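Below: one structure, written as structure tokens.
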Amino acid sequence: MQIIFGRKALELIGIDSAYTLLELDTIQPSPDHESEPSYCVLTNVPLTEIHLLEQKNKMHNDMLTFYRSQQWDECEDLIKLLRGSWNGEIDSFYDELLQRMQQYRSQPPETNWDAVYRPWLNSRPQLS
């Protein structure tokens, strides 16, 4: 799996239908940078999953929509269904979201939360 940051990077490398592309987090690496989406490029999709690609891509995108709208239960349900997909290549991302949601359930994000990960603010919820 390869990780790509920003929409401009996608244009530069010319991603086309030969690859499976999934959006991950939106990240603002520092205060003086704009937030950029991150994507993973999956190149080793098992042949046994080819017929499920469209369905799994939709599930992944729906999962992100649920996460960004703070619908934790729905997001978690889809993560459980998606774990192990794509040879498990992005399971660590799903695990990260599950950890964040666990913390957000006990300490909800502020009302202006935009789901952007800002490491310079240490915005990642810390589990105790």
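The condition of being of a type in the set (Gly, Ala, Ser), at pLDDT 90 or above and loosely packed, with under 12 Cβ neighbours inside 10 Å does not hold for Ser17. Only residues that are out of contact with any Lys or Arg (no Cβ under 8 Å at 6 or more places or on another chain), modelled with pLDDT of 85 or more and surrounded by 15 or more Cβ atoms within 10 Å (Cβ to Cβ) were counted in region 36-54, giving 3. Could you give me the residue pairs with C-beta distances under 8 Å whose first residue belongs to region 55-71 and is within 17 Å of Val116 (Cα to Cα), whose second residue is assigned to a loop (DSSP other than H, G, I, E, B) and aromatic (Phe, Trp, Tyr) wherever it lies, and which are 6+ apart or on separate chains? Cβ pairs passing all conditions: Gln70/Trp113. In the set (1) loosely packed, with under 15 Cβ neighbours inside 10 Å; (2) of a type in the set (A, V, I, L, M, F, W, C); (3) touching an Asp or Glu at 6+ places or on another chain (Cβ under 6 Å), Phe66 fails one condition alone, (1). The test for being over 10 Å from the mean Cα position of the chain (by Cα) and closer than 27 Å to Pro119 by Cβ does not hold for Phe93.
Okay, residues lined up against (1) surrounded by 15 or more Cβ atoms within 10 Å (Cβ to Cβ); (2) modelled with pLDDT of 95 or more; (3) over 16 Å from Leu22 (Cβ atoms):
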| residue | (1), (2), (3) |
| --- | --- |
| Lys56 | yes, no, no |
| Ile79 | yes, yes, no |
| Gly84 | no, no, no |
| Ile90 | yes, no, no |
| Glu96 | yes, no, no |
| Asn112 | no, no, yes |
| Pro119 | no, no, yes |
| Pro125 | yes, no, yes |
| Ser128 | no, no, yes |
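The values are calculated or read from the model by the stated rules, or taken from the named source; none is laboratory data. All values reported here derive from a predicted model rather than from experimental measurement. Backbone-built Cβ (ideal geometry, glycine too); neighbour counts: all protein chains shown.
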